[in-house]
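Participant: Take a look at this one; I'll ask things after.
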Amino acid sequence: MEYLMTYGWAILIVLAIMGILVYLVKPQKVESCNLATPLQCEPERFSMEAATGNLTVSIANIGSVGYYVSSTSCGPDVYPYSPPLSLPAGGSANVYFNCTNSAYRVSTAVSGRDMFQDTTGNITIKYYPIGSQEFTKTQQLEIVVRYK
C-alpha cells in the first residue's frame, strides 16, 4: 500500500500526459469501405483529402459482367463521369466522391467518431452494365473514417 501511495502520483501524471498527447494528435484514417456485390472496395486502397473530405476509392468488379460508372454522389454533391468510367469484369478503377458540401461531413475532429454523421443513402455510386444503360443501378457506399 505504501508503494502505491508513493508512486501512484507519478503513474497518474504519466497517464495524464499520455491522454493529452492522444487528445492533441488526431490523425484521420479510412477504416473500412463496404459496397454490395458485384462491386467491392479494394482493401487499403482508399484515400481522403483531410481539408475537403473528398474520397477516392479503388473499386473492383468481381462479377462476370463489365460495368460503366456514370456518377457518384456524396450528399448534394454529384460527380458525373463523362465519358462513363469503365469497370471491366475482374478489373478495378479509382472512383472519386466529391464530399465538399456534404452537410453530413464532420468538420471538426472528434476522437473515435465517424467522419460522416449519417451516411444513409448519402454516399452513392450509379453504374450500369456495358451495353445496357437502361438498367442503371444505384448502390450506397459505406465509408468509416475515424479520427484516432
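Participant: For residue 22 and residue 96, what does the FRET efficiency come to when R0 = 35 Å and r is the distance between their Cβ atoms, rounded to the nearest 0.05?
Facilitator: Details: r = 32 Å, r/R0 = 0.92.
So, using R0 = 35 Å, E works out to roughly 0.60.
Participant: Related question: Just want the ordering: 48, 5, from fewest to most Cβ atoms lying within 10 Å of their own Cβ. Don't skip to the end; give the middle numbers.
Facilitator: Values: 48 19, 5 8.
So the ranking, lowest neighbour count to highest, is 5, 48.
Participant: Another question, then. How much length, in nm to one decimal, is gained on full extension between residue 64 and residue 132, taken as 0.36 nm per residue of separation minus their Cα-Cα distance?
Facilitator: Value of the extension gain: 23.0 nm.
Participant: Given the peptides 125-132, 78-85, 92-99, arrange them by the average over their residues of other C-beta atoms within 10 Å, most packed first. Can you show the working numbers first?
Facilitator: Values: 125-132: 16.5, 78-85: 13.2, 92-99: 18.9.
Order by mean packing, descending: 92-99, 125-132, 78-85.
Taken together, the values in this text are just the output of simple stated rules run on the coordinates, not laboratory data. Keep in mind that what you see is a predicted model, and the values were worked out from it rather than measured. Note that we place each Cβ from the backbone using ideal geometry, even for glycine, and neighbour counts take in every protein chain shown.
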